[in-house]
Amino acid sequence: MDRAEIESRLKTLLVSELGLDEEKITPDAKFETDLEVDSLGVVELLMAIEDEFGVTIPDEEAEGIGTVGQAVDVVAAKLGA
Amino acid sequence: MTVGRVALVTGGSRGIGRAIALELAKRGHAVAVGYLSSEAAALEVVDEMKSAGGSGIAIRADVGDPEEVVAMFQTVAARLGPIEILVNNAGIRHDRLLARMGIDVWDEVVTTNLTSVYLCTKQALRTMLRARWGRIVTIGSVAGISGNAGQSNYAAAKAAVIGFSKSVAKEVGSRGITVNVVAPGFVETDMTDDLSDDVKAAAAASVALGRFGTPAEIASAVGYLASDEASYISGHVLVVDGGLAL
């Protein structure tokens, strides 16, 4: 799976799981401020990402994920994309 | 009327846990009976649930061990479905006056009575959050509210689960998950069997109802908090002690 595919699948997930506006989902978009996802929502998103991509994101690593791009980075690193 | 859900009762093979497992099964839920060493007793509970028309499984785990807790939740999810009702009941006492209490006795009680609640609740939230529904009930103790000589370790852990539950209740309330504590007083179980008759009589005399409670009387309170009817009760400590030291 290449980075573009990860990005596109993540975008689909954000729309379906969190009901976000697709237009607003850019790599620099911050979950809590730009996308108005509350802190628990970010936790739920990370769990959905784990299930979607079959990866495990440890709690310490999860703390560093604040934007859509950072989420893609973490998944890409784990999948070696 | 009642929706059958999937429940896990830790320490479900004996005493209060056993009664809770049977109560939840009676209410139509599929129940995983958690145990550490009492396999035969856990299987008996499952048999009893089944002969009454219910369903359930026995599941072994050390609830103080992070990996075993994850494995337990995975096994229950695979066999019954994602856990929707968690009852943190597993607990031990190891009484000693504080002046004579070694760190091992402290750690043992805190790990089994408190760390286990953190581990199991955290794991349960994974599926409850996405389901937008969940019931978490932790068994506390009046010792955690009033204190008890010889039980500083136990009372500390039981008080801690109250602060823990109230905090988590605030974190996950927006997702339809309630988090409560049931705090029993004196109950007829193995845990109180070893008290001398004099101590038991004095204890019973301090209760308005004049007697120890039964495990079933604790279980019915848990069954209620785990139900749909209790949907607006969260962060609460329900004391079930027969009117102790009123």
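Just a few scattered comments:
- If the condition is being in a loop (DSSP other than H, G, I, E, B) and either more than 23 Å from residue B:223 (Cα to Cα) or among the small types (Gly, Ala, Ser) (or both), then region B:90-102 contributes B:90, B:91, B:93, B:94, B:95, B:96, B:97, B:101, B:102.
- Any chance residue B:237 is buried (at least 19 other Cβ atoms within 10 Å of the Cβ) and more than 19 Å from residue B:151 (Cα to Cα): no
To keep it simple, each residue is scored yes or no on (1) β-branched (Val, Ile, Thr); (2) crowded, with 18+ Cβ neighbours inside 10 Å; (3) on the phi > 0 side of the Ramachandran plot.
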residue: A:8; (1), (2), (3): no, no, no
residue: A:15; (1), (2), (3): yes, no, no
residue: A:23; (1), (2), (3): no, no, no
residue: A:29; (1), (2), (3): no, no, no
residue: A:33; (1), (2), (3): yes, no, no
residue: A:38; (1), (2), (3): no, no, no
residue: A:45; (1), (2), (3): no, yes, no
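Let's see how each residue does on (1) within 13 Å of chain A (Cβ to nearest Cβ); (2) acidic (Asp, Glu); (3) not in a strand (DSSP E or B):
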site	(1), (2), (3)
B:129	yes, no, yes
B:138	no, no, no
B:149	no, no, yes
B:157	no, no, yes
B:161	no, no, yes
B:173	yes, no, yes
B:182	no, no, no
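- Count of residues meeting criterion [within 14 Å of another protein chain (Cβ to nearest Cβ), without any contact (Cβ under 8 Å) to a residue 24 or more places away in the chain and either of a type in the set (S, T, N, Q) or closer than 25 Å to residue B:170 by Cβ (or both)] in region A:47-73: 7
- Subset of region B:226-235 (residues that are in contact (Cβ under 8 Å) with a residue 60 or more places away in the chain and either closer than 18 Å to residue B:163 by Cα or in a loop (DSSP other than H, G, I, E, B) (or both)): B:226, B:227, B:234, B:235
- Residue count for region A:4-32, restricted to those that are in a helix (DSSP H, G or I) and within 14 Å of chain B (Cβ to nearest Cβ): 4
- For region B:77-90, the tally of residues that are over 18 Å from residue B:22 (Cα atoms) and within 20 Å of the chain's Cα centre (by Cα) stands at 2.
- Check on residue B:124, within 14 Å of chain A (Cβ to nearest Cβ), touching a strand residue (DSSP E or B) at 6+ places or on another chain (Cβ under 7 Å) and modelled with pLDDT of 95 or more: yes
- Only listed residue being assigned to a strand (DSSP E or B) and out of contact with any Gly (no Cβ under 6 Å at 6 or more places or on another chain), chosen from B:105, B:110, B:87, B:3: B:87
- Candidates B:58, B:77, B:42 - the one that is touching a residue at least 40 places away in the same chain (Cβ under 8 Å), closer than 25 Å to residue B:227 by Cα and part of a helix (DSSP H, G or I): B:77
- Restricting attention to region A:33-63, the residues that are in a helix (DSSP H, G or I) and in contact with a Leu (Cβ under 8 Å, 6 or more places away or on another chain) total 11.
The values are calculated or read from the model by the stated rules, or taken from the named source; none is laboratory data. Because the structure is predicted, anything quoted here is derived from the model rather than measured. Methodologically, a virtual Cβ is constructed for each residue, glycine included, from the backbone with ideal geometry; neighbour enumeration extends over all protein chains shown.
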